[in-house]
1. Could you say whether any residue in segment 119-130 is closer than 20 Å to Ser380 by Cβ, without any contact (Cβ under 8 Å) to a residue 40 or more places away in the chain and surrounded by fewer than 24 Cβ atoms within 10 Å (Cβ to Cβ)?
2. Test each condition in (1) in contact (Cβ under 8 Å) with a residue 24 or more places away in the chain; (2) open to solvent by 40 Å² or more (accessible area, probe 1.4 Å) for Phe398 and report the one that comes out false.
3. Given the condition part of a helix (DSSP H, G or I) and touching a strand residue (DSSP E or B) at 6+ places or on another chain (Cβ under 9 Å), answer yes or no: does some residue in segment 156-170 qualify?
4. Among Val59, Val89, which is crowded, with 24+ Cβ neighbours inside 10 Å and assigned to a helix (DSSP H, G or I)?
5. Of all residues in segment 94-118, how many are among the charged types (D, E, K, R) and open to solvent by less than 60 Å² (accessible area, probe 1.4 Å)?
6. Specify the residue that is farthest from the chain's Cα centre (by Cα); the eligible residues are those in segment 252-294 that are buried (at least 20 other Cβ atoms within 10 Å of the Cβ) and aromatic (Phe, Trp, Tyr).
7. Just to check your reading of the model, which residue among Ala133, Ala144 is surrounded by fewer than 24 Cβ atoms within 10 Å (Cβ to Cβ) and touching a residue at least 40 places away in the same chain (Cβ under 8 Å)?
Amino acid sequence: MFNRKAKSSLTSNVLTRYFSFSALYTAQGIPEGITFFAIPAWLAMNGKSPLEIAAFVGVIGIPWSFKIFIAPLMDRFTFLDMGRKRPWVIFGQLGLILSFLSIGFVSDPLNNQSGLMITGFLISFFGAFQDVATDGMAVDVIPAVEQARANGLMWGSKTIGISLSLVIGTALINSIGFTLAIASLSIVVALIMLVPVCFTERPGEKIMPWSKGQAAEESKQTQLRSWSQILKSLYRVVKLRSSIIFCIASFIIGTMYGLMDTLLPIFTIQELGWTNTSFSQVYSITSIIAGFLGMFIGGYLVDFFGKLKMLMLYLALITILIAVFAFSTNLWSSITVMYGFIVIYLTLYTFLCIAIFASAMHLCWKTVAATQFTLYMAISNMGRAAGATLLGVLKTSFSWDQVFLFIAVLPFIMGVMMQFISFTKHRIKVDSFKIFNKVLVTPHIIKD
């Protein structure tokens, strides 16, 4: 009985950990593939302006910046008998299912931008909610030696989820209509709900509120019981030099993500004359390649060579790639060149995300893991929303090659900033907080 329960808990079984987090990240990827790529490509195909499309992407990106307000709630309140973050994962996944279904019922979506924006905003809100809970749970239960590899699997799974939903969603929208296409993909998101329902964080916890079980002692020791504790603990770790630099760098690279994500469907369809189907197929195939490489190679490279070295390499390669592409306007009409650019960019993007996520986890203090990790991701997503909105402004004033050159500067700036981060010194300092943490939490354990 104990062995069976242990195998169904995330802390006791490595395969359970890898499978669960990969599935949860796939669930995030499916709605994102539709909202951030399929719908913008569909709008571009139907003659909507870059300003209109950028406005839609900018609005649906806003909730991902709100994650920093959600995370403290999860660090402060939970139902410990079911785990520190798992109850929130289940809630976020349920909201993601319902909100994703709702966008399929927007009437006349091509001419109802406000309806698309509202429902897209809700999808992003619950997607961000589920993301915060999943990331917090990952920092809690994944050992440090597995973090890079786990991030490779997680981000690769999300990339594959985005890719498959983009190509399948585009095909379904064009063949059976918007509403039925969304409803079909919602079924897959709903099935993934079984994952957080079936697996506990630690042995002996409750599967559901009415099940047998109790809170793990480790969960009680790391759970904070007041807002002042959360804020003081967060300030104590975020004020460290490496953490501050990482926050600024996260915004800069997030801006690049937002610009490129919004640019690709508009550029290929309206500048190069592709259809939304051809874009979705190319983007999906190349993303799947990048996703698999990330799952099986990306995490291993970070483990073997180190976080900082791989971050610097990926940032340098992305800078060179985008800058060279900006100066190669005469080759843009070549299908081979465009395929090559997209597949190399998406592979480097995936590898960079894996390295950034592993670095962010390494900078975290478990006591406020959800809030701290989310702070880094929220700042990055603020940059992503800013980048998406900025594209419309840039394209109004500059040519495509100038826009690409502007984008190429951003990873270069982040690379320079990474030179001032020391993961080793930061980790030593954070580990010294453990004594403070015991003093902080122990009185509340006694009360329980």
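The values are calculated or read from the model by the stated rules, or taken from the named source; none is laboratory data. Not measured: the values here are computed from a predicted model. So basically every Cβ, Gly included, is an ideal-geometry build from the backbone, and we count neighbours across all protein chains shown. These accessible areas exclude ligands, DNA and RNA; they are computed on the full protein's heavy atoms, side chains included. Shrake-Rupley method; radii C 1.70, N 1.55, O 1.52, S 1.80 Å.
1. Of the residues in segment 119-130, the ones closer than 20 Å to Ser380 by Cβ are 120-121, 123-130.
Right, trim to without any contact (Cβ under 8 Å) to a residue 40 or more places away in the chain and you get 126.
From what's left, surrounded by fewer than 24 Cβ atoms within 10 Å (Cβ to Cβ): 126.
Yes - at least one qualifying residue is present in segment 119-130.
2. (1)
3. Going residue by residue through segment 156-170, those that are part of a helix (DSSP H, G or I) are 156-170.
Adding the requirement that they be touching a strand residue (DSSP E or B) at 6+ places or on another chain (Cβ under 9 Å) leaves none.
No; the residues of segment 156-170 include none that is part of a helix (DSSP H, G or I) and touching a strand residue (DSSP E or B) at 6+ places or on another chain (Cβ under 9 Å).
4. Details: Val59 fails: crowded, with 24+ Cβ neighbours inside 10 Å.
Going through Val59, Val89 in turn, the sole match is Val89.
5. Step one: filter segment 94-118 for residues among the charged types (D, E, K, R), giving 108.
Subset that is open to solvent by less than 60 Å² (accessible area, probe 1.4 Å): none.
So the answer is 0.
6. Among them, the one singled out is Trp274.
7. Details: Ala133 fails: surrounded by fewer than 24 Cβ atoms within 10 Å (Cβ to Cβ).
Only one candidate passes the filter, namely Ala144.
A quick yes/no check of all residues on (1) without any contact (Cβ under 8 Å) to a residue 40 or more places away in the chain; (2) of a type in the set (Val, Ile, Thr); (3) over 30 Å from Ala358 (Cβ atoms):
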{"site": "Ser157", "(1), (2), (3)": "no, no, no"}
{"site": "Ala181", "(1), (2), (3)": "no, no, yes"}
{"site": "Val197", "(1), (2), (3)": "no, yes, no"}
{"site": "Pro209", "(1), (2), (3)": "no, no, yes"}
{"site": "Trp227", "(1), (2), (3)": "no, no, no"}
{"site": "Ile230", "(1), (2), (3)": "no, yes, no"}
{"site": "Val238", "(1), (2), (3)": "no, yes, no"}
{"site": "Ile253", "(1), (2), (3)": "no, yes, no"}
